[in-house]
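Down below is the structure, laid out as structure tokens.
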Amino acid sequence: MKSYYRVMLGKQSVHAATCFANGYIGIDNDLQIDIEPYLTDDWRQFNAKMVPEYLRLYPSKSKIAAGLACGVTWTVCKGILKGDIVLCPDGKGTYRIGEITGDYDFQPGQDLPLRRAVHWLDVSIERASMSDTLKRSTGSIGTVANISGYRDELEAFIGGKAAPKLLSTDETVEDASAFALEKHLEDFLVQNWAQTDLGKDYDIYAEDGEKVGQQYPTDTGPMDILAIRKDKSELLVVELKKGRASDVVVGQTLRYMGYAAQELAEESQKVRGVIIALEDDQRIRRALAVTPSIEFYRYQISFKLIKV
């Protein structure tokens, strides 16, 4: 089954017009080298080779920054397969749709030298016509975002049909309406992080002033939020339940914590986890009773009318 990705063509889509005219997508590589010798089918193997090289050239960067840069490079150059669909914003509120047709191609000395050939379809999507959840996913920070969870909506756009507004194709989601609500709340939590109890001790991970900790990519899927203690001593993995089965969200949190411990944490850093849900959940409480490195939070929604 083909996958769907939102890919940025340079900051603020500065290279979009050139890419559309010449049939490719691409990224710039901070390493400024041809990665063909390192480009294995396994992201873990690629990062194992490239992250040390990245840190050697940029010793002031963190393992988190290196992992993100190398992960994005692998995804664009290898992880996106021929036949997959990409959405690329033009910087003016419209997304062009294309199908990947070529393998990795290195064009030294050019803008976005790490490239993939694309057949651009005669279809575009106005951002205003997207569902709210797709808007947020396509507008997420970062060069590339996997938006395969919106396959039905995207295929409706491609086919010229009316798109449904509430979607979740994730088989782990038990309640689609809860998924939609808690996706809103993830964005709200990020925007209001400093006012929360967690925000007193942790900051959402940022690189060069940009919050890259939301939907931070891992080799088992993106974690909702990656935060770091203000004294840099600890990484925090935050997962919202999002309508998922309790056992699933606990297992995912543990996997993401394992990834953070093995791939992102410096030698002196610890890793902890937090699960946030709308309602109390006895199954989560039971699981976390023997998992002291993960805490459980509930959130409350306050709504009132004010006569004017």
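Rounded to whole numbers, the Karplus 3J(HN,Hα) couplings from phi for segment 49-57 are 7, 8, 4, x, 5, 4, 5, 5, 7 Hz, using 6.51 cos²θ - 1.76 cosθ + 1.60 with θ = phi - 60°, and x at Gly and Pro.
Note on K61: aspartates and glutamates with a C-alpha under 19 Å away, same-chain residues under 8 apart excluded, are D28, D30, E53, D203, E207, D208, E210, D231, E234, E263, E266, E267. Each part reduced to its alpha carbon centroid, segment 47-72 and segment 242-308 end up 27 Å apart.
Distance between the modelled labels on F106 and A21, one decimal in nanometres: 2.7 nm (7 Å Cα→Cβ projection). Potential lengthening of the chain between I158 and K230 amounts to 21.4 nm, from the contour at 0.36 nm per residue minus the alpha-carbon distance. Compactness of segment 245-308, taken as the C-alpha radius of gyration over 2.2 N^0.38 Å, stands at 1.50. Here each label is just a point 7 Å from Cα along the line to Cβ, and for Q12 and Q282 those points are 5.6 nm apart. Considering only V7, L121, T138, and ranking their Cα positions along the charge dipole of the chain that arises from unit charges at the beta-carbon of Lys, Arg, Asp and Glu, the one farthest toward the positive end is T138. Entry note, segment 4-158: relative contact order of 32 percent, from Cα contacts under 8 Å with a spacing of 6+ residues. If you model segment 176-298 as an ellipsoid using its alpha carbon gyration tensor, with each semi-axis the square root of five times an eigenvalue, the axes come out at 21, 17, 14 Å, biggest first. Straight-distance candidates among the aspartates and glutamates for linking to K78, with alpha-carbon spacing under 12 Å and chain neighbours fewer than 8 residues away dropped: E36, D41, D42, D103, D105. Here the relative contact order of the chain, from alpha carbon pairs under 8 Å that lie six or more residues apart, stands at 14 percent. Scaled against the 2.2 N^0.38 Å expected of a compact globular protein of N residues, the Cα radius of gyration of the chain reads 1.03. Centre-to-centre, using Cα atoms only, segment 1-30 and segment 78-157 are separated by 7 Å. Net length available on complete extension from T40 to T94 is 16.1 nm, with 0.36 nm assigned per residue and the Cα-Cα distance removed.
Among the listed pairs K92/K307; K49/K230; K135/K241, those whose Cα-Cα separation exceeds 28 Å are K92/K307; K49/K230. Annotation: amide H-H contacts under 5 Å for E207 (H modelled 1.01 Å from N, sequence separation of 5 or more, or interchain): V212.
The alpha carbons of segment 4-158 stretch over 45, 29, 27 Å along the principal axes, in descending order.
Read-outs throughout are calculated quantities, based only on the coordinates presented, and are distinct from any laboratory measurement. On a predicted model such as this, the values are computed, not experimentally measured, just so you know. Virtual Cβ from ideal backbone geometry, glycine too; neighbours counted across all protein chains shown.
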